[in-house]
Structures are given as C-alpha cells and as structure tokens.
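The values are calculated or read from the model by the stated rules, or taken from the named source; none is laboratory data. Computed from a predicted model, the values in this text were never measured in an experiment. Ideal geometry is used to build each Cβ from the backbone, glycine not excepted, and the neighbour counts take in all protein chains shown. What goes into the accessible areas is simple: the full protein's heavy atoms, side chains included, and nothing from ligands, DNA or RNA. Shrake-Rupley method; radii C 1.70, N 1.55, O 1.52, S 1.80 Å.
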Amino acid sequence: MKNIVLAGLAAVFLAFGACAKKEPQLVFSVGGAPNEVELWESLAARFSAEKGVKISIVRQPTDSDQRRQGVLVPLKAGKADPDVFLADIAWLPQLAASGWLEDLRPYAEADGTDLKAFWPNVVNQADRQKDGSLAALPVYVDAGLLYYRTDLLKKYGFKAPPVLWDDLRAMAEKVQAGERKADPSFYGFVWQGAQYEGLVCDFMEFASYGAKALDFSRLTSPEDVRALTFMRDAVSGSRISPPNTYTEMKEEEVRAFFQEGHAAFERNWPYALGLHEQAGSPVRGKVGIAPLPRWPGGVSVSALGGWHIAVSKFSDDKKGAWEFVKFVTSREVQKELALKLGWNPARMDVYKDRDVLKAYPYFAKLGEIFRNAYPRPALPYYTQLSAILQRHLNAALSGAAAPGAALAAAQAEVKSAEERYRR
Ligand code: GLC
C-alpha cells in the first residue's frame with residue numbers, strides 16, 4: 001500500500017514537472033576582471049530584453065587555465081550547459097579537434113555575416129579550421145604591451161621607453177634605486193611569472209626571436225636560454241622584479257601592483273590601460289605604452305592573445321546561442337566593449353570609430369602591434385605542452401633549476417609527450 005501511495009505521489013510530481021514549462025534560457029560562461037564580468041551581466045540583460053531569451057551567466061575567474069578547466073569538464077561530459085562561452089585563443093585547436101564546438105559557418109552564411117569585418121590574421125589563424133568549418137568568432141584581441149610611468153622616466157632623465165631588454169633592466173634599476181627611498185615596496189618591472197598560461201606568453205616575448213616565436217622543438221636554443229636567464233635574474237639577480245613574481249604574479253596581480261604606483265614598468269595586455277586610467281587610479285595620466293623591448297638584432301615580439309566566442313556542440317539551443325554570438329560581435333557591442341573596458345575589438349571598423357579614437361587615441365598605434373603579434377603554436381595538444389613548459393620555466397624562476405637545465409628538461413618532456421599525442 002505504502003508503495004502504491006509513493007508511486008502515486010511520484011506520478012503527480014512528474015506530471016507537474018512536465019507541465020511547468022521552462023523559460024528559454026541560455027547559459028554563458030565568462031570570466032575576467034570584476035568590471036568585465038559586470039559589463040557582461042548588463043549586456044546579457046540587454047540581450048534578454050531584446051530577444052526574450054534569458055541568459056544566465058556562469059562567472060569564471062581571470063586565469064585562463066582555470067577558465068579552461070571550468071569549460072572542459074561540462075564539454076567532456078557532453079552537458080548541454082554552458083551553451084555558449086568565451087574561449088582563449090590558445091584553447092581553440094584542442095576544443096575544435098575534440099569535436100566539442102558547433103560549426104558556426106552555416107549560421108554565418110545563412111545570416112550573411114561578413115567575416116572580413118574581423119582582423120583577418122586572427123580569424124584565419126584561430127577560428128577557421130582546415131576542414132573549412134568556423135570554430136568560433138573573435139571577441140577581442142590581446143597583444144603583450146610594455147606599460148611605463150611617464151612621470152618617472154622624466155624624473156630620472158629618460159627621454160623614451162626602452163628599446164632593448166638591457167635598456168629596460170638599466171632603467172628599471174635606476175628608477176627603483178631612487179624610488180625605494182620613499183617607497184620600500186617599489187620595484188622596477190612587474191610581469192607574469194606564476195605557473196600558468198601567462199608565463200608562456202611572457203617567455204615568448206622575452207625570447208623575442210621572431211619567426212615562430214615559440215617553437216617546441218627548440219626550447220634549448222640560445223635565445224630561449226637567454227630569455228629565461230633574464231627572467232630569473234630579474235627576480236633574484238638585479239631584483240628589479242618582486243620575489244612573488246613566480247608564486248603569484250598573474251595579470252591582475254601585476255596590474256594592481258603597477259596601478260598602486262609601486263612599479264616603473266609593467267608587461268600586460270591592453271585591458272590594463274583602461275583600469276590604470278580610471279577615476280581614482282593613483283597612476284592616472286602617468287602611463288605610457290610601447291612595444292615590448294627586443295634583443296640587439298632581434299625583433300619586438302608580442303604574444304597574440306584574445307578571447308573568442310564559441311557554441312557548445314552539446315547546447316540544446318544552438319540557434320539562440322548563435323543569436324548571442326551575433327550580438328556580442330555586432331559593431332555596437334564591440335564599440336561598447338572598447339569604450340567601457342578599453343578592450344581591443346575583433347572588428348576592424350571599430351578602430352575608425354570617432355568616439356573610440358577620441359577615448360583611446362593610441363588605438364591607431366595598437367593596430368600595428370596586433371597585425372604583427374605572434375600566435376602560440378596551433379596544436380591540438382598545445383595546452384598540454386604549455387603546462388610542461390610552465391612547470392619548468394617556473395622552477396627556473398624559483399631557483400630550483402638553472403635556466404639551461406630547466407629548458408633541457410622541458411624539451412625532453414615535451415618530446416615524449418608529443419610522441420604520445422602523435423601516436
Ligand atoms: C590573456 C590572453 C590569452 C592568454 C592569457 C594568458 O587572457 O588574451 O590569450 O592565454 O592572457 O594568461
């Protein structure tokens with residue numbers, strides 16, 4: 001009897017469940033600095049109001065590796081959520097090769113979306129796949145930049161930002177020695193040295209040998225060893241970089257350190273400028289940007305970064321997700337992302353927009369840096385190789401291994417991993 005009653009109750013609940021019609025809802029995974037996620041919330045609300053489709057945002061951290069994990073888990077499990085998410089340019093080869101992304105080409109073709117509106121090097125290198133499919137669309141472009149304190153350079157008699165890495169070291173040492181008198185926590189140069197994806201981007205910029213700026217088959221090259229030695233010495237030789245560089249320094253830690261006024265130079269992505277210049281920032285009006293330094297006879301290298309919007313193959317509302325992709329990549333939203341976040345839009349036409357150029361006159365200069373930025377190798381197992389490299393680079397920064405030995409160990413491990421993946 002008891003069983004019959006329970007079965008009856010279950011049936012009633014099921015019936016109710018079936019009748020309660022679910023409101024259409026898209027799930028969007030996105031991370032970033034707090035002001036960025038806030039803007040996404042307001043964009044999502046606007047989209048919902050316009051399209052009648054509710055968007056629920058899954059907030060992720062800023063760290064690219066942590067964000068990747070947050071997206072990989074549901075994708076591997078074939079879960080319907082998130083329907084749509086932002087993906088780092090560095091993950092796209094893996095996500096596409098795994099068959100987890102909806103091909104956006106048929107949607108783009110049906111809607112007459114003009115792909116030529118986006119930076120062609122970015123779309124061609126990252127979004128278009130060899131089989132002709134379109135894995136994602138770019139939302140914004142990142143390229144590593146050198147930030148410097150214009151007031152401090154002037155104070156210490158420097159007329160221009162450094163061109164060579166050795167100039168940077170000498171300038172950083174001088175400013176640091178002077179500023180330490182008033183600020184004991186002042187450092188010459190802050191950059192991303194923690195064990196995560198950002199460290200690999202910085203490493204390819206310090207190596208700055210152009211061509212393939214990161215080549216997993218030549219990790220013991222003199223350029224790579226010179227780069228890692230320079231990085232290690234910055235932390236424990238000349239000490240122009242703080243001791244927590246290799247334990248804690250990711251984008252936001254670096255940005256905050258410079259913004260609080262404790263550094264002369266900073267390596268970061270373009271997003272930092274908008275925050276440095278915001279009302280109340282101690283460095284407002286005192287920040288310059290320049291291409292990253294190079295070695296004599298070498299070239300300045302900026303890692304090509306950036307985030308793309310992709311639709312999950314397992315989404316149960318791919319059409320709705322595509323509408324959101326269109327919205328995010330529209331000229332209007334791209335302009336808003338530029339104006340409110342200082343992001344570098346994926347659409348080229350926004351760089352000619354009067355309001356954008358008025359707010360960010362340096363955008364014209366950044367275009368050149370983007371065009372020449374260097375991508376990370378587009379391998380389906382890139383993130384695995386990057387993880388190996390991160391570990392060994394970080395060990396050298398901590399002093400646990402000499403730069404040459406760390407790179408030799410990375411090279412050996414990369415080689416055996418590649419053999420495994422290629423099989
Ligand atoms: C930025 C870049 C991304 C890169 C990451 C590394 O988010 O846009 O491409 O992988 O930084 O920390």
Accessible area (Å², 1.4 Å probe, nearest 10) - residue 420: 140
Rounded to the nearest 10, the angle in degrees between the Cα long axis of helix 34-51 and the longest principal axis of the Cα atoms of the chain comes to 30
Considering Cα pairs under 8 angstrom that are at least six residues apart, work out the relative contact order of segment 145-303 and quote it in whole percent. 40
Based on the mean of other beta carbon atoms within 10 Å per residue, what is the order of 406-418, 187-199, most packed first? 187-199, 406-418
Strictly greater than 32 Å: what percent of every Cα pair in the chain meets that? 40
Quick one: angle between helix 197-207 and the longest Cα principal axis of the chain, in degrees between 0 and 90, rounded to 10, please. 30
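If contacts are Cα pairs under 8 angstrom and at least 6 residues apart, what is the relative contact order of the chain in percent?
Across the chain, relative contact order equals 24 percent.
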Taking 0.36 nm per residue of sequence separation and subtracting the Cα-Cα distance, how much length would be gained by fully extending the chain between residue 248 and residue 362, in nm to one decimal? 38.0 nm
Helix 403-422 sits at what angle to the longest principal axis of the chain, using alpha carbons and giving 0 to 90 degrees rounded to 10? 30
Which order do the peptides 304-310, 123-129 take when ranked by the mean count of other beta-carbon atoms within 10 Å per residue, highest first? 304-310, 123-129
Under 29 Å between alpha carbons, and skipping anything fewer than 8 positions from residue 79 in its own chain: which lysines qualify? 21, 22, 51, 54, 130, 313, 318, 319, 326
Tell me, what % of the accessible area of the chain is carbon and sulfur with a 1.4 angstrom probe? 56
Straight-line reach check, residue 365, cutoff 25 Å on alpha carbons, 8 or more apart in-chain or any other chain, hits among lysines -> 116, 154, 159, 212, 286, 335, 340, 352
How would you rank 92-102, 225-235, 35-45, 140-150, highest first, on the average number of other Cβ atoms within 10 Å across their residues? 140-150, 225-235, 92-102, 35-45
Restricted to Cα positions, what overall size does segment 294-416 have along the principal axes? Three whole-Å values, descending. 51, 46, 23
Once ligands and nucleic acids are excluded and a 1.4 Å probe is used, how much of residue 114 is accessible, expressed in Å² to the nearest 10? 90
Counting every C-alpha pair in segment 145-303, the percent lying more than 29 Å apart is 12
Could you bin all the Cα-Cα distances of segment 216-267 into 10 Å bins starting at 0 and give me the percent of pairs in each, rounded to whole numbers? 22, 45, 26, 7
